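Below is one structure, written out as structure tokens; the observations come after it.
Read the figures in this text as sums done on the coordinates, not as results from a lab. Keep in mind that this is a model prediction, so the values were computed, not measured. Every residue, glycine as well, gets a Cβ built from its backbone with ideal geometry; the counts of neighbours run over all protein chains shown.
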Amino acid sequence: MSDRRAIIIDTDPGQDDALAILLALASEEFEVIGITTVAGNVPLPLTEKNARKICELAGKPETRVFAGASRPLVRDLVTAEYVHGKSGLDGPDLPEPAMPLQAQHGVDFIVETLRERASGEVALCTLGPLTNIALALVKAPDIAPKIREIVMMGGGFFEGGNTTPAAEFNIYVDPHAAATVFKSGVPITMIPLDCTHKALTTHERIDAMRAQGTKVTTAAAELIDFFERFDEDKYGTDGGPLHDPCVIAWLLKPDLFSGRDCNVEIETGSELTMGMTVVDWWGVTGRAKNAHVLRDVDANGFFGLLTERIARL
């Protein structure tokens, strides 16, 4: 077992997913065993293609990319082209990928990897709906105790939702998958909108990234330029929240974040609040704590880390 931390990134790229993947691939602390893709921001044929585009942009075409679930467990797929553009990666003009998609299904890859690796060796970094992770846990319950942790971007509580008044997009797309994951007993760090909405892509921060002047930082700045326009319009802020890279940043520098252990339950019964993450922040229910929920981030420290690392690629 090396001193590099083994991770699987499960993702639905997405501009902010792309920046999270770039941050992981730029950081020698990680062994990125593979990237599994899921339907979410855009349908699966685009998310698996976008993941490969990002690996090639990073100069890491040897990274293994797998296609996973093409739809949620129970509900119809909801996508977010209105945020991410028709391709899911609108902004820079990235070439069609030359690197192959792996033949194995993403869920089978997750199961096989966790069975092969030592207990507590592999962490799952989830940037999209939790469909693949839930399917893996249902198909192979024996993997649950082997997962080091699940670090996930998803949910919201004090901040409310961004897709409905109650629900954040990743959880809303597949609430039944999220409920399965939160009941699994695997250690979870949840990075909700309450935290990510404090990591804003201000002009100053994006200018600092663009000023690095590399091919990758220029493309990253162009991804953010496109991505932030929707949230700037919606929230009236300078810049939009950069959600998914918080997952990788937390693993690299947890001291940039703060939060607390809570019980989190997922609403799957009510259409009004479908996909709501009910976070017992104040400990009023007496239910067992099943997640470490982050609420704050040192935004300047976060963007400094992101820019410095992506400039290495």
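Quick one: which residues, 5 or more positions from Thr189 or on another chain, have an amide H under 5 Å from its amide H? H modelled 1.01 Å from N in the peptide plane, none for Pro or chain starts.
Correct list: Ile150, Val151, Met152, His292.
As a quick test, which of the pairs Lys53/Lys215; Lys53/Lys86; Lys86/Lys198 have an alpha carbon distance above 21 angstrom in this structure? Mind dumping the intermediate values first?
Values: Lys53/Lys215 14 Å; Lys53/Lys86 15 Å; Lys86/Lys198 27 Å.
Listed pairs above 21 Å: Lys86/Lys198.
When a/c is below 1.5 the answer is rounded, else prolate if a/b is larger than b/c, else oblate, so apply that to the chain with a ≥ b ≥ c taken from the square roots of the Cα gyration tensor eigenvalues. The partial results should precede the final answer.
Details: a/c = 1.36, a/b = 1.13, b/c = 1.20.
Rounded is the answer for the chain, as its axis ratio a/c remains below 1.5.
I need the phi-derived Karplus couplings for the stretch 266-280: 6.51 cos²θ - 1.76 cosθ + 1.60, θ = phi - 60°, integer Hz, Gly and Pro marked x.
Couplings: 10, 6, 10, x, 9, 5, 5, 10, 3, x, 5, 8, 8, 9, 7 Hz.
Rank the residues Val284, Val65, Val138, Val279 as a footprinting-exposure proxy: fewest other Cβ atoms within 10 Å of their Cβ go first.
Least crowded to most crowded, the residues run Val284, Val138, Val279, Val65.
Dipole size in debye (nearest 20) for the chain around its Cα centre, Lys and Arg Cβ +1, Asp and Glu Cβ -1?
Working: 29 positive and 45 negative charges, 143 e Å.
Using only the charged Cβ atoms, the result is roughly 680 debye.
Among DSSP beta bridges whose residues both lie in the stretch 5-310, state the antiparallel percentage, nearest 5.
Percentage antiparallel, nearest 5: 30.
May I ask what percent, to the nearest 5, of DSSP beta bridges between residues of the stretch 157-313 are antiparallel? Write out the running numbers ahead of the final one.
Working: 10 of 12 bridges.
The antiparallel fraction comes to roughly 85 percent.
What residues have an amide H closer than 5 Å to that of Arg5, excluding those fewer than 5 places away on the same chain, when H is modeled at 1.01 Å from N in the peptide plane?
Under 5 Å from the amide H of Arg5 lie the amide H atoms of Phe30, Glu31, each far enough along the sequence or on another chain.
Ranked by Cβ crowding within 10 angstrom, fewest neighbours first, how are Phe227, Phe157 ordered?
The order, fewest Cβ neighbours first, is Phe157, Phe227.
Would you grab the residues whose amide H sits under 5 Å from the one on Thr11? Only those 5+ places off in sequence or on another chain, please, with H modelled 1.01 Å from N.
HN-HN under 5 Å from Thr11: Thr36, Thr37, Val38, Leu127.
Kindly put Glu271, Glu228, Glu265, Glu81 in sequence by how many other C-beta atoms sit within 10 Å of each C-beta, fewest to most.
The order, fewest Cβ neighbours first, is Glu271, Glu81, Glu265, Glu228.
Go through the stretch 287-304 residue by residue and turn each phi into a ³J(HN,Hα) via Karplus (6.51, -1.76, 1.60, θ = phi - 60°); whole Hz please, and just put x for glycine and proline.
6, 4, 6, 10, 7, 8, 9, 8, 10, 10, 9, 7, 5, 5, x, 5, 5, x
Given a cut-off of under 8 Å on Cα pairs at least six residues apart, what relative contact order in percent is computed for the chain?
19 percent
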